[in-house]
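Trainee: Before we start, here is the structure in question, set down as structure tokens.
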Amino acid sequence: MGSGPASLTLTFGFGASFFDRVGLATARPEALAPLPAFPDDQLDPARGGGALFVQIAADDPLAGLHALAHGEAPGARRGEDPLGEVQVHHRAGARPYRTQAPQPRGTARRHRQPLPRRRSRAGPDPRDRPGSPPWPAGGSYVVVRRIRMLLDHWDTLPGGGEHTAPDLTAHCPDGVPVIARNAHIRPTARGTNGGATMLRRGSSYYDRLRADGTPDAGMLFVAWQSGPRTGFVPVRQRLARGDALGRYPVHEASSLFVVPGGVRPGGHAGQALLEDAPQ
């Protein structure tokens, strides 16, 4: 349709309930256990969880939407809803770290993102019990969170320079830290979470206005890691204990999936699970 390949990718993952649906409960990794509750969550259970994760990404929205239409068509013709809720979101072109979140995401670490082959591959999770299924090796775990941002409140605050290098040790003459002790960058900074590492791929969404007239807009937080209990969970727990930014985001939905390794020539997504795992 004139857009070219546009770096089109399709990524598939499996939620905890998927394994029961297809009769492979014994192959479900321990790391897919429900995430712990966080005190500042306002989750809608109807919008979280899920058996199947399908991510369609492309540099050109036309290519992505065309792939989405082809993916939905076979089930739609049978009166089914194969993909469930579809959330169309975007990244900001030449400024991919910009989202509708109150601050640019990951700008300070743009040139040092964790490489998937080194930091984000599934293990199995180091805290899984002995005997956990080996099929996820070479894949990754992904946490997906829908986070609505209270933009009207944020827009009234003063801001600073985007590319200023953060110095977490700097103090004012009176001894007060230059960067507040509860600043968002402190609990999320590398080296402050006992080695917890995630590869974030957040995107913006905008669903017009809510009934109260405020924007229904924010970020789809998508974070890849070797295991949620050594990646997402400790970082999220630290943020919940005291994050100055925490008054602006509203965590409305949460899901966890395991994403198998890439497809080999002639193979298909999830082959190591769907064909090789014990029944």
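Values in this text are rule-based calculations from the coordinates and carry no lab data. Everything numeric here is computed off the predicted structure, so don't read it as measured data. Using ideal geometry, Cβ is built from the backbone for each residue, glycine included, and neighbour counts are taken over all protein chains shown.
Trainee: Taking the beta-carbon count within 10 Å as an exposure proxy, list LEU209, LEU68 from fewest neighbours to most. Let's see the in-between values first.
Mentor: On the way: LEU209 11, LEU68 17.
Listing LEU209, LEU68 from fewest to most nearby Cβ atoms yields LEU209, LEU68.
Trainee: Using the beta-carbon distance between ASP60 and THR26 and R0 = 41 Å, what value does 1/(1 + (r/R0)^6) give for FRET efficiency, to the nearest 0.05? Don't skip to the answer; put the middle values down first.
Mentor: Details: r = 42 Å, r/R0 = 1.02.
Here the calculated transfer efficiency is 0.45.
Trainee: Determine, for ILE56, ILE179, the number of other Cβ atoms within 10 Å of each Cβ, and report the residues in order from fewest to most. Provide the component values of the computation, followed by the final result.
Mentor: Working: ILE56 19, ILE179 16.
Lowest count first: ILE179, ILE56.
Trainee: Given Cβ point charges of +1 (Lys, Arg) and -1 (Asp, Glu) and nothing else, what value in debye, to the nearest 20, does the dipole of the range 214-279 about its Cα centre take?
Mentor: Details: 6 positive and 5 negative charges, 73 e Å.
Dipole of the range 214-279, to the nearest 20 debye: 340 debye.
Trainee: Can you sort HIS251, HIS171, HIS66 so the residue with the fewest Cβ neighbours within 10 Å comes first?
Mentor: Working: HIS251 20, HIS171 11, HIS66 17.
Lowest to highest Cβ neighbour count: HIS171, HIS66, HIS251.
Trainee: Rounded to the nearest 0.05, what FRET efficiency do HIS70 and VAL250 give with R0 = 45 Å and r taken as the Cβ-Cβ distance? Could you check? Let's see the in-between values first.
Mentor: Working: r = 34 Å, r/R0 = 0.75.
Result of the calculation: an efficiency of 0.85.
Trainee: Still on this structure: What is the gain in length, in nm to one decimal, between ALA137 and LEU8 on full extension, counting 0.36 nm per residue of separation less the C-alpha to C-alpha distance? Walk me through the numbers before you get to the answer.
Mentor: Values: separation 129, 0.36 × 129 = 46.44 nm, distance 2.41 nm.
That pair, ALA137 and LEU8, stretches by 44.0 nm at full extension.
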